[in-house]
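Reviewing the structure listed below.
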């Protein structure tokens, strides 16, 4: 049986979608992963078939309309027994084209609550699509219990949880800091992610570096806030304390993260999507054997507190970030204990267990 997995990104860095494709192959499916191609898209090497569509529009209503129309006709023309829609921006085409085929909806976030659409007509459109399609869905998964509960209460549909804990992957030998052109004598912070957008703490992290001459901040990835981060670094002459590194293959990114001292996850409680977020980077930090500095949001802070594998600050403010980092720099014994706790958390938060949960879910569906 062929399974078609659909997503609107360029397929380069979406580890959750890759895990879904791997599990489907292990269950005997022929997999086609569909996304889009961008001028800056990285080359792909996957053990399954991929298709990246070249589109006329890159963002906004015309992009989503073009993508869903192209995807709809592709799904109609392609034989498959299972469709997997990743996030609401692929659900409409998948639902309309599914016919008698099984459909899985994998909600990576609380889509209608993302800050980019609040107060805009776009929210009304996406909410209308969700309200029309969600109650009819039979197979739904999401990334954590908070979002699952919200969906169950809103639509009365069973929603299962498969967290974004990365699958085991050999990261290779650890390069030295000098190999990566990193200073040996600085306390290194890292903020990583392909969606470093508004209200995710990148700006505050940069401004905190004004008071941290002994530290270096690495921001790796991309997102809507990137131009603002570049401007802040330039305006405050922080080129020696902040480095903005573009998206890169996972193994390369983790080389930098493994050489850091502290990982940052600084989402603000400005919307339900961020309040309930449980980003991949938290698990990546633990896997890199570094503790995390996080804001006091239920899912992220709950894990950090459970394993005592980092520091929780009440909200995302430059002064609070600065104070927390200075306290860690001054306390070598605490840093050592937090790192040991992060290593333990990495062993407990096992991506293979989540993979098995996904396998059991997909086996029931297909």
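No value in this document is a laboratory result; all are computed from the given coordinates. Owing to the predicted nature of the structure, the values given are computational and were not obtained by experimental measurement. Positions of Cβ are generated from backbone atoms using ideal geometry, with glycine treated the same way; all protein chains shown enter the neighbour counts.
For the reader, a short list of remarks on this structure follows.
- Dividing the summed helix terms, -39500 (n - 2.57) for each DSSP H run of n ≥ 4, by the number of residues in the chain produces a 222 nm estimate of -13000 deg cm²/dmol to the nearest 500.
- Percent of alpha-carbon pairs separated by more than 12 Å within the range 291-334: 58 percent
- For the pair residue 40 and residue 337, a Förster radius of 45 Å applied to the C-beta separation gives a FRET efficiency near 0.65, rounded to the nearest 0.05.
- Dividing the C-alpha radius of gyration of the range 160-246 by 2.2 N^0.38 Å, with N its residue count, gives 1.24.
- Spatial separation of Cα centroids for the range 78-148 and the range 213-286, in angstrom: 28 Å
- Shape call, the range 116-172: gyration tensor on alpha carbons, a/c limit 1.5: oblate
- Relative packing of peptides 329-336, 209-216, 265-272, 5-12 - highest average C-beta neighbours within 10 Å first: 5-12, 265-272, 209-216, 329-336
- For the range 27-90, the Kirkwood radius over C-alpha pairs fed into Stokes-Einstein at 25 °C and 0.890 mPa s yields D = 186 µm² per second.
- Evaluated at q = 0.15 Å⁻¹, the base-10 log of the normalised Debye intensity for the chain, with identical point scatterers placed on the Cα atoms, takes the values -1.40.
- Gaussian network model of the chain, Cα within-10 Å springs - most flexible of 339, 200, 231: 231
- Cα centroids of the range 329-350 and the range 39-77: 41 Å apart.
- When each of the peptides 117-127, 134-144, 300-310 is scored by the mean number of other C-beta atoms lying within 10 Å of its residues, the order from highest to lowest reads 300-310, 134-144, 117-127.
- Cα convex hull of the range 213-340 - mean projected area over all directions, nm²: 7.9 nm²
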